[in-house]
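Single-structure report; data block below.
The values are calculated or read from the model by the stated rules, or taken from the named source; none is laboratory data. Everything quoted here is computed from the prediction, not taken from an experiment. Cβ coordinates were reconstructed from backbone atoms using ideal geometry, including for glycine residues, and neighbour counts include every protein chain displayed.
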Amino acid sequence: MDWKSGVAIALALALAAPAIAQGQHARGFIYSCVKDGVRHYTAQPLPGAAECTTHAYQPAPQPAPAAPIYGRSFGRYYCTSDCSGHQAGYEWAQRRGVSSRGECSGNSQSFIEGCWSYVEEQGGD
């Protein structure tokens, strides 16, 4: 298949594929048909075509996500970026005089771990 055919198939796929919800992938067939000496790429076989070939399509396999790279830590907890969430949790616990891990709460794991770091540093549970 030459590059023009590949581009034509890709364009036909884009036009023929139904609307796809976020996170879903299209699978199906595209037809390459010759009618009156002209090649057509369609979602269904072209009536009256002298020749049609079927091309199956599906999403390309995706590589497994890479494991997070931990270059920094805060207390005994690893940071995935700049440790700002841990620092915020630590400072929050310090301002409130938190003495138990059970008092630590928040919307992010890094914030909670920062709070735990403060408790552990103070000798709490």
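Here are some notes:
- In segment 30-53, of all residues being of a type in the set (A, V, I, L, M, F, W, C) and exposed (fewer than 14 other Cβ atoms within 10 Å of the Cβ), the one that is nearest to the chain's Cα centre (by Cα) corresponds to V38.
- Conditions (1) modelled with pLDDT of 85 or more; (2) among the charged types (D, E, K, R); (3) not in a strand (DSSP E or B); number of the one not met by K4: (1)
- Filter result (touching a helix residue (DSSP H, G or I) at 6+ places or on another chain (Cβ under 8 Å) and over 14 Å from R76 (Cα atoms)) within segment 102-125: E103, C104, S105, G106, S108, G124, D125
- Enumeration of residues in segment 69-104 that are assigned to a strand (DSSP E or B) and of a type outside the set (S, T, Y): R72, F74, C79
- Of the residues making up segment 105-125, just one is free of Cβ contacts under 8 Å to residues at least 40 places away in the same chain, part of a helix (DSSP H, G or I) and over 34 Å from the mean Cα position of the chain (by Cα), namely V119.
- When segment 90-121 is filtered for residues that are small (G, A, S) and touching a strand residue (DSSP E or B) at 6+ places or on another chain (Cβ under 9 Å), the ones remaining, listed by number, are S110, G114, S117.
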